[in-house]
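Read the figures in this text as sums done on the coordinates, not as results from a lab. From a predicted model like this one, the values you see are computed outputs, not experimental measurements. Positions of Cβ are backbone-derived with ideal geometry, glycine not excepted, and every protein chain shown enters the neighbour counts.
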Amino acid sequence: MHIDRDVTPDYPLSWQARAVIGLMHGTLKPASILFMRHALALDCAARLGDVVNLLPLRLPGHVTITPAGFSACGGEWVRAGEGLDERKVVLYFHGGGYFSCSPATHRPITWRLSRVAMRPVLALDYRQGPVHTLADSLSDALDAYRCLLDQGYAAEDVILAGDSAGGHLTLASLLALRDRDLPLPGAAVCLSPWTDLTDFPRRANRWQDPMLPAGRVRWLARRWTAGLDPRDPLVSPVLGDFSGLPPLMILTGSTEVLRDEARRVAVRARRAGVPVRYEEWRRMPHCFPILADMVPEARTAFRHMGEFLAAVAALDENPPAASAEDAAA
């Protein structure tokens, strides 16, 4: 599998995807437009993760969940089946706009990611707004990564991954690790990453996106960047210098309001010499892999992630030979 390429998966749109997209257009998006206008709405949504933690969510019998604790936050170990390589790990950051959701809400992603990566997933319950700041979330992510290294994991055996705000946290963590001269993970996977928190109007896909209202994304970015420089790469990773980062995989839907900033990350990273597999899935909604219990395309996306990770592993085992120019230098 060639890592550094753009892919537009050409699968027929399933009836399940059509139904879910239609439902989102009629429910989630209008609700977001109506309610996401006041800090009280953030406080209410922030409790979603706590509620889900109390629900008896059904998981396959081969999946095990084990609580995990860290210095400033908690999390959970997710293992899908036997035969996992316990010397390796995926550190996962859930999405939710930095104010909602939890490792429990994202188990449809984390257990499948454990299966295709053939390693445990550590889903981090990092601190979020409105009580905490972007800096707190990043601090938790870096602390968890350092904790894994202290426990004996080799940096190249760690994969960072996340969706939406978790994709933002993944990219910000990579930039921070690189700038602090810490060993970098072997690869990273970003699902529908939110990467630009500057105050700009999102015009692309503002009507087509079935889930995210462009104006509410802008409103939320203003809240989280109050008192910060929104052009700081740790605040808006799309503006960062990606030199020296490990291979990236970026998945997004063609009708997302966040699609263009995901594309911009891919372009900037490639210009910096980073191999990037950018996949743009036709008509898929924001963070569609979380719909894998219902939507066939979402389940297929995990196979693509597994292929990417296998290609990265093969590249590590068989690095490309140096060119004559490199040898001369």
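Structure notes:
- Each residue in Ile109, Ile3, Ile290 was given a count of other beta-carbon atoms within 10 angstrom of its own, and listing them fewest first yields Ile3, Ile290, Ile109.
- Look at the dipole of the chain built from charges on Cβ: of Gly83, Trp219, Met24, the Cα furthest out on the positive end belongs to Met24.
- Using a simple spin-label model with pseudo-atoms 7 Å out from Cα toward Cβ, Thr27 and Ala155 lie 4.5 nm apart.
- Cα point-scatterer Debye curve for the chain, base-10 log of I(q)/I(0) at q = 0.09 Å⁻¹: -0.43
- Beta bridge orientation in region 73-161: antiparallel %, DSSP, nearest 5: 40
- From least to most packed, judged by other beta carbons within 10 angstrom and beginning with the fewest, Leu142, Leu251 follow the order Leu142, Leu251.
- A Cβ-based charge dipole, computed about the Cα centre of region 5-316 with Lys and Arg at +1 and Asp and Glu at -1, lands at about 960 debye.
- DSSP beta bridges in the chain [antiparallel fraction, %, rounded to 5]: 30
- Computed from the C-beta positions of Val267 and Tyr11, the FRET efficiency with R₀ = 22 Å rounds to 0.35.
- Centroid-to-centroid separation of region 248-280 and region 75-108 [C-alpha atoms, Å]: 22
- Region 5-316: relative contact order in percent, alpha carbon pairs under 8 Å with at least 6 residues between: 20
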